Amino acid sequence: MNDAVKLLTRMFGFTEGGRQHPDVFPVGDENRSSPSEYFHPDVVHSLFGPSGTKETLVGRDAFLAFATGCAQALAERHDEIIAITGIDRECAFVHARAYRKSASNGEDIHYEWAMLYRVEQGLITYGADMLDAAAQTFWARVGTVPAG
């Protein structure tokens, strides 16, 4: 198990067989006072969200504003982590099922997502998500991310 898998397993509260949690954002663990502490201050993310396009976010604050905007665009949400798989000593994939309901139009969608993370010196320094076309178009319909 590489460092990325160890950190992501703690961050998502993952146990063998998966674990559901109600937020898009990870729940954290006993050694970190906030989930944001898993992310390097200069972390870079490439993510789909309420803008309907892939966005590049630079910095922990930009990611937190994005995650807040995504949460506000949804009436209901939860994720079930299926697997966390190491790739090399710094990278891992998270594979999950998403259950979402739009706050603006009530549309429900269930889809699987994957996210590649890089962990360096105990912090996430890069993250990129992969969504299928149906999930991307869902996000395009739910609204826009508030300026942060």
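Only the coordinates and a few stated rules stand behind these numbers; no lab work does. Not measured: the values here are computed from a predicted model.
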With x for Gly and Pro, the residue-by-residue ³J(HN,Hα) of region 40-46, computed from phi through the Karplus equation 6.51 cos²θ - 1.76 cosθ + 1.60 at θ = phi - 60° and given in whole Hz, is 4, x, 9, 3, 10, 10, 10
Wrap a convex hull around the Cα atoms of region 52-125, take a quarter of its surface area, and give that in square nanometres. 5.7 nm²
Residue 112 long-range amide H proximity, modeled H, under 5 Å: 98
Quick query: amide H of residue 87 versus all other amide H atoms, modeled in the peptide plane; which residues come in under 5 Å with a sequence gap of 5 or more or a different chain? 92, 93
Applied in sequence order to region 104-112, the curve 6.51 cos²θ - 1.76 cosθ + 1.60 (Karplus, θ = phi - 60°) yields integer Hz couplings, x standing for Gly and Pro, of 7, 10, x, 5, 9, 8, 10, 8, 9
Residue by residue through region 92-98, what is 3J(HN,Hα) from phi via Karplus (6.51 cos²θ - 1.76 cosθ + 1.60, θ = phi - 60°)? Round to whole Hz and write x for glycine and proline. 8, 9, 10, 10, 8, 9, 10
Long-range amide H partners of residue 74 with built H, under 5 Å: 103
